[in-house]
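The values are calculated or read from the model by the stated rules, or taken from the named source; none is laboratory data. Because the structure is predicted, anything quoted here is derived from the model rather than measured. Cβ: placed from backbone, ideal geometry, glycine included. Neighbour counts: every protein chain shown.
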Amino acid sequence: MQELKTEIAVSLSAPGETSTAGKVMIEQLSVGSRLVKACGMGLVGLLVTLLCVAVPLLHLVLVPLGLLMTVMLIVSSCKQVECIAGGEGVCPYCHKALTIVRRKKKFPFFERCESCSQESSIEPEASSAT
Ligand SMILES: [Zn+2]
């Protein structure tokens, strides 16, 4: 299961502040790791659904809903081909290092600074757009 990682430059911007630079790793998920993730999601969904069986009356609604959610979780994790594996940048507000956590690949996204708790918008730099 070889996973491909590409590094792309991003810019962190905030209203009224000059934007700063950063970088994120884009991870190409292999079929194997997507399947493993989908199975994990499916297991979690089934466990939650099993717990819902024990809830009186509400289980009439919760169990079918849980099964539906499980299927949706599996499908959505199978469809996810790329994700942001993580990255780093400079906070536009306090200019301290900002850590970007692992998430779905979707731009722009928002990351909260650990030092000043301000949220900045992160998007790929125009020159490195893929
Ligand atoms: Zn900050």
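Looking for whichever is assigned to a strand (DSSP E or B) and either more than 30 Å from G22 (Cβ to Cβ) or free of Cβ contacts under 8 Å to residues at least 24 places away in the same chain (or both) here; the options are T70, T99. Which one fits?
One residue alone meets the criteria, T99.
Output yes when any residue across region 86-94 is away from the ligand (no atom under 16 Å from the Cβ) and touching a Lys or Arg at 6+ places or on another chain (Cβ under 9 Å), and no when none is.
yes
For region 65-79, enumerate the residues that are surrounded by 14 or more Cβ atoms within 10 Å (Cβ to Cβ) and either within 15 Å of the ligand (Cβ to nearest atom) or among the polar types (S, T, N, Q) (or both).
Of everything in region 65-79, those that are surrounded by 14 or more Cβ atoms within 10 Å (Cβ to Cβ) and either within 15 Å of the ligand (Cβ to nearest atom) or among the polar types (S, T, N, Q) (or both) turn out to be T70, S77.
Out of (1) in the same structural domain as F107 (by TED's automatic domain parsing); (2) over 18 Å from the mean Cα position of the chain (by Cα), what's the single condition that is false for E88?
It fails just one condition, (2).
Tally time: how many residues in region 102-120 are near the ligand (Cβ under 7 Å from one of its atoms) and without any contact (Cβ under 8 Å) to a residue 40 or more places away in the chain?
Matching residues across region 102-120 total 3.
Go through (1) charged (D, E, K, R); (2) over 27 Å from A38 (Cα atoms); (3) in a loop (DSSP other than H, G, I, E, B) one by one and return the number of the condition E88 breaks.
The failed condition is (3).
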